[in-house]
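The values are calculated or read from the model by the stated rules, or taken from the named source; none is laboratory data. Keep in mind that what you see is a predicted model, and the values were worked out from it rather than measured. Cβ coordinates were reconstructed from backbone atoms using ideal geometry, including for glycine residues, and neighbour counts include every protein chain displayed. All accessible areas refer to the heavy atoms of the entire protein, side chains included, with ligands and DNA or RNA removed. Shrake-Rupley method; radii C 1.70, N 1.55, O 1.52, S 1.80 Å.
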Amino acid sequence: MKLRQAGRRLGGGRDPSAAAGGALPGKGTGVPSPAHRGLGFFAVCLAYCAIILDGSVLNVAIPTIRDRLGSSMAEAQWVLNGYTLPLAALLLTAGALGDRIGLRRMLLGGIAIFTAASAACAVAPGVGWLIGARAVQGVGAAALLPATLALVPHLFTERADRERATVTWVAAGSIAVAAGPLIGGLLIDAFGWRSIFLINLPVGLVSAWLARAHVPETPRHRVPLDHAGQAAAAASLGLLTAGLITGGAAGWAAPATLGLLAGGIAAGFCFWLAERHGRHPMLPLSFLRHRVRTVAVACAGLMGFVFYGTLFVMSLYFQQLRGLSPGAAGIALLPLTISSTVGPLVLYRPLSRRYGHPAMLLAGFACCGAGTAVLAAAGPGAPYPVALAGLLLTGGASTIAFSALTSLLMAATPADQAGLGSGLQNTTRQAGALIAVSVLGSLLNTHLFAARLPAAFLILGIADTGGIVLALAAMRVSGGSGVSRSRSG
């Protein structure tokens with residue numbers, strides 16, 4: 001309900017240029033009304049929440065799924081990885097494809113695939129079926145995720161409205177991350193593990209109905225598809241993702257790990273060649289020559305590494321060093337996830353109006369660094385308030401940084417490349433999260449957990465420092481670009 005009300009508040013801005021955003025279904029061409037904008041934005045946020053919620057809910061269900069289906073832990077982990085692999089591999093392709101065939105069409109297609117695959121997951125008779133259905137879910141999520149952010153500039157053409165909507169989009173994802181473990185635990189306790197997939201059905205149907213009625217189709221850019229670039233990008237991202245997953249489980253020197261990573265690098269080189277020499281590249285190299293866009297995309301990967309790496313390390317910390325049960329550890333982690341909703345909902349807009357997006361990006365990474373330092377001091381005997389302070393600081397600062405980098409990217413990206421920009425940002429964020437879990441997991445997967453924990457926090461601190469350096473670069477290059485400071489609505 002809060003998202004719906006927020007969407008209605010955001011619908012007030014008008015701009016004659018909105019006609020370029022496309023026509024509402026059955027309404028002809030022209031500017032979408034405030035009511036259409038609000039309901040359309042609510043549909044977009046609802047679809048976005050569904051895929052974020054699905055990932056965070058499933059983390060608490062893995063042990064139950066393993067026991068009920070009689071699978072091994074390795075098979076149960078592939079219930080997660082089977083979704084991550086196609087999602088990471090196809091995000092960039094889906095973002096660019098949305099710009100070509102229409103973002104509303106990509107959104108509706110993604111919702112349909114994701115919802116149907118959720119139903120298939122709920123009736124899975126065995127772990128093999130479940131992993132396959134999860135892979136199809138990943139395809140649907142890859143199709144709809146870039147469209148949810150890329151549709152924002154088409155729904156809201158005035159800058160102040162667009163920036164409010166962007167921050168609300170970030171907040172919607174934060175709420176889903178925070179609520180996921182609690183909702184998942186309650187559903188599993190009351191109705192069993194299949195219920196976490198069934199909940200996607202009404203959400204998918206409602207978001208599709210609202211999107212079909214209230215989201216305008218965007219102009220199609222009828223240029224030939226970059227088949228070579230799309231194939232190379234999907235192969236590179238897929239092989240690198242598989243290599244990271246395999247490395248975390250089998251070791252970084254394992255032949256399978258090295259082969260997958262080498263194949264991913266080779267496919268990435270082929271992608272670069274295709275984009276450099278192709279007549280209609282999916283990712284024009286000129287897109288990344290814009291320094292603000294490049295900084296924002298790189299910061300998305302670093303912030304994905306920092307937030308999800310912190311969540312992973314502290315989950316192990318509470319269970320292996322503090323001896324908490326999984327449920328108690330989830331409660332202990334609530335400050336990290338709940339504070340991540342405060343940043344975009346309460347703090348970001350007034351502060352960004354005063355100081356600008358690049359300064360907020362710097363503040364976000366600097367505070368994350370401070371939070372990492374506090375968490376590093378929370379040894380086995382430290383009182384919980386020490387960890388609490390670090391979790392609150394990291395959670396709130398991470399979404400301030402994410403709001404800033406998202407606002408910078410969307411302000412610097414033309415509307416006809418919004419799908420590409422969104423797909424690229426989500427690809428790097430997903431890659432950052434995956435690298436964090438793989439690298440930190442291989443480091444801490446040992447009986448020497450306590451001895452290696454400082455090294456894990458050192459790695460997180462290095463990522464924080466990289467974000468600070470990039471934020472300083474953004475402040476230097478964006479001062480006169482028109483994207484450095486928000487305007488009040």
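Shown here for segment 200-286: trypsin sites (Lys or Arg not before Pro) in loop regions (DSSP other than H, G, I, E, B) with at most 12 other Cβ atoms within 10 Å, namely R222, R279.
Extension gain for R354-H280 works out to 22.6 nm (0.36 nm per residue, less the C-alpha to C-alpha distance). Rounded to the nearest 10 degrees, the inclination of helix 449-477 to the longest alpha-carbon principal axis of the chain is 20 degrees. One entry in [x] 38, 28, 21; [y] 32, 26, 24; [z] 39, 36, 20 is semi-axes √(5λ) of the Cα gyration tensor in Å calculated from the shown coordinates; its label is [y]. Calculated mean residue ellipticity at 222 nm for the chain: -26000 deg cm²/dmol, from DSSP H runs with n ≥ 4 weighted as -39500 (n - 2.57), summed, divided by the residue count and rounded to 500. For segment 362-454, what does the alpha-carbon gyration tensor say about shape, rounded, prolate or oblate, given a ≥ b ≥ c as the root eigenvalues, a/c under 1.5 as rounded, and a/b over b/c as prolate? Verdict is oblate for segment 362-454.
For the chain, the longest principal axis of the Cα atoms and the long axis of helix 73-101 meet at an angle of about 20 degrees. So the label point goes 7 Å from the Cα of W272 along Cα→C-beta, right? Which residues of segment 224-256 then have their backbone N under 19 Å from it? The answer is 228-241, whose backbone nitrogens lie closer than 19 Å to the label point. Taken per residue, the accessible surface of segment 254-293 reaches 60 Å², heavy atoms only and a 1.4 Å probe. With protein chains left intact and a 1.4 Å probe, residues in segment 305-381 average 39 Å² of accessible area per residue. Under the simplified labelling scheme, the A231-H447 pair shows an inter-label distance of 5.1 nm, with each label point 7 Å from Cα along Cα→Cβ. Measuring nothing but protein heavy atoms, the accessible surface of segment 143-278 at 1.4 Å probe radius is 72 percent carbon and sulfur.
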